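Scroll down for the structure; my scribbles are underneath it.
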Amino acid sequence: MNVLVTGGAGYIGSHTVRALLDHGHSVVVLDERPSRAGATLEAAHWVQGDIADTTLVRRLLVDHAVDGVIHFAAYKSVAGSMREPERYFRNNVAGTISVLEAMALSSTRSLVFSSTCAVYGTPERCPVDESTPIHPESPYGASKALIEQMLPWFSTIHRLRWVSLRYFNAAGASLDAKLGEDWDESTMLIPALMKAALGRREPVDIFGTDYPTPDGTAIRDFVHVLDLAEAHLQALEYVARDGESRVLNLGTGTGSSVLEVLEMARRVTGREVPVTFVGRRAGDAAVIWADATRARELLGWRPRYGLTEIVDSAWRWHSSGVQG
C-alpha cells in the first residue's frame, strides 16, 4: 500500500515507518521535524510540514495515491499538558481535524489513529478492556478522547474506516540498536533511567511512593515499541480489508511497578541508577494495565517482548552513542 505516516520522525512513528518499509509498503512521512536519515528509513519520502496545513495534507494524499493514513503526530506529555492545555488541544485535536478533513476531500478512507490508555484515567478495575469507561485525568488524555468521539462521525458522513489504538506505555528500541527514542526528547521512565545509568543526567524523580500498590509506586503496562509498530501494520491491513471501525487496547496484560522497572534497569545495566523519591505528579494514574484480547482476536496481534527485552534494547540504544 501507499501509506502516509504523520509524525513519522517520532519514536513510535519511526519504528512503524521502518516496519512498513520492511513489509514492502511505500511510505510518505509528514513531520515538523527533519527526516531521520541514517536510521534505516531513507526509502521513505520525507516532507517537513505541519498537519494543520490541510492543503498540504490533501496534496500528499492525492499526489501519492495514498491508500491509508497512520496518524501519530501529536504532543504526548501528560505533565506538559497539565502546564499548557491550550497547546495540546490546538495541536492534537485541531491538527487531527485537519488530517480528517484532508482525507474527506480525497479518496483516502483508511485511518489508524494513535490513541492512549490515558483516556481511561485511573480505572476502577484492572486489567482494562475497551468497555471500561473513559475518564481522562489530563488534557493530553482528554485530547485523545475528543478525537475518538469525532471519528464515528467521519465514518457516518465521510465513510472513513478507522482503528484507534489505545496503547499503554511504549518503551524499548530496535533490536539492532539503530533506532530508538530521541535522546533529547525522551522524558519517560525507562529512557530517564538509562540516561541516569550513563551519568548523563541528574537522579530520576520517582513520583509517588504512597500509591495503593504492593511497593507504593505506580504500576504500568510497558509494551515494546516493536510490538506497537507491528500492531499498526496489522491495523492498517485490517481497515484496508473493510474491517469494522474499532477501538483496540495494546498492552502486555502485565503490570510492572516503577520500583520493579528500576530494579530491572539496575540488573540490565549492571550499574547503580540514582533516583530521588518525590510526591505524586498531577495527572498520573495509580494503577493501569491492559486487556488486549480484542486486538488478538481482530488483528492476530500478540506482544512478543517483555520487560527484560524492553530494558535491554533501551540500554543498548542509549549506550550506543547514536543520537536522534
Could you please find all residues in the range 111-149 being at pLDDT below 95, small (Gly, Ala, Ser) and in a loop (DSSP other than H, G, I, E, B)? Gly121, Ser138
Asp227 vs. criteria of a type in the set (Asp, Glu), under 22 Å from Tyr120 (Cβ atoms), in contact (Cβ under 8 Å) with a residue 60 or more places away in the chain and surrounded by fewer than 21 Cβ atoms within 10 Å (Cβ to Cβ): no
Can you tell me how many residues in the range 1-53 are among the acidic types (Asp, Glu), over 14 Å from Leu233 (Cβ atoms) and either surrounded by fewer than 22 Cβ atoms within 10 Å (Cβ to Cβ) or free of Cβ contacts under 8 Å to residues at least 40 places away in the same chain (or both)? 4
Residues being without any contact (Cβ under 8 Å) to a residue 60 or more places away in the chain and either within 21 Å of Thr213 (Cα to Cα) or surrounded by 18 or more Cβ atoms within 10 Å (Cβ to Cβ) (or both): count how many of those fall in the range 119-138. 7
Which residue is farthest from Leu189 (Cα to Cα), if the candidates are limited to the range 240-257 and must be crowded, with 23+ Cβ neighbours inside 10 Å and aliphatic (A, V, I, L, M)? Leu248
Answer yes or no: is there a residue in the range 234-257 that is over 21 Å from Phe72 (Cβ atoms) and in contact with a Ser or Thr (Cβ under 8 Å, 6 or more places away or on another chain). yes
Has the range 64-84 got any residue that is in contact with a helix residue (DSSP H, G or I) (Cβ under 9 Å, 6 or more places away or on another chain), free of Cβ contacts under 8 Å to residues at least 60 places away in the same chain and not aromatic (Phe, Trp, Tyr)? yes
Would it be correct to say that Leu189 is over 17 Å from the mean Cα position of the chain (by Cα) and in contact (Cβ under 8 Å) with a residue 40 or more places away in the chain? no
Could you grab me the full set of residues in the range 143-183 that are closer than 30 Å to Ser319 by Cα and without any contact (Cβ under 8 Å) to a residue 24 or more places away in the chain? Asp176
Filtered residues of the range 122-144 (kept if of a type in the set (Gly, Ala, Ser) and touching a Phe, Trp or Tyr at 6+ places or on another chain (Cβ under 9 Å)): Ser138, Gly141, Ala142, Ser143
Flag for Gly283 being in contact (Cβ under 8 Å) with a residue 12 or more places away in the chain, at positive phi and either touching a helix residue (DSSP H, G or I) at 6+ places or on another chain (Cβ under 7 Å) or buried (at least 22 other Cβ atoms within 10 Å of the Cβ) (or both): yes
Can you tell me which of (1) touching a helix residue (DSSP H, G or I) at 6+ places or on another chain (Cβ under 7 Å); (2) among the aliphatic types (A, V, I, L, M); (3) surrounded by fewer than 14 Cβ atoms within 10 Å (Cβ to Cβ) is the one Val275 doesn't meet? (3)
Need the failing condition index for Glu202 against (1) farther than 26 Å from Thr6 by Cβ; (2) at pLDDT 95 or above, just the number. (2)
Tally the residues that are within 30 Å of Val66 (Cα to Cα) and not β-branched (Val, Ile, Thr), restricting the search to the range 119-132. 1
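Matching residues to (1) modelled with pLDDT of 95 or more; (2) over 20 Å from the mean Cα position of the chain (by Cα); (3) more than 27 Å from Ala94 (Cβ to Cβ); (4) acidic (Asp, Glu):
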position	(1), (2), (3), (4)
Met1	yes, yes, yes, no
Leu4	yes, no, no, no
Gly10	no, no, no, no
Arg18	yes, no, yes, no
Val28	yes, no, no, no
Ser35	no, no, no, no
Gly38	no, yes, yes, no
Glu42	no, yes, yes, yes
Asp50	yes, no, no, yes
So which helices (runs of 4 or more DSSP H) stay within the range 234-324 end to end and still have 3 or more residues that are more than 17 Å from the chain's Cα centre (by Cα) and within 27 Å of Glu202 (Cβ to Cβ)? 258-269, 307-318
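Yes/no per residue for (1) touching a Ser or Thr at 6+ places or on another chain (Cβ under 8 Å); (2) part of a helix (DSSP H, G or I); (3) of a type in the set (A, V, I, L, M, F, W, C):
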position: Pro152; (1), (2), (3): yes, yes, no
position: Asp176; (1), (2), (3): no, no, no
position: Pro191; (1), (2), (3): no, yes, no
position: Arg200; (1), (2), (3): no, no, no
Do any helices (runs of 4 or more DSSP H) lying entirely in the range 1-106 carry at least 1 residues that are of a type in the set (S, T, N, Q), and which ones are they? 11-22, 54-63, 78-83, 95-104
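The values are calculated or read from the model by the stated rules, or taken from the named source; none is laboratory data. Computed from a predicted model, the values in this text were never measured in an experiment. Here the Cβ is made from the backbone with ideal geometry for all residues, glycine too, and neighbour counts use every protein chain on show.
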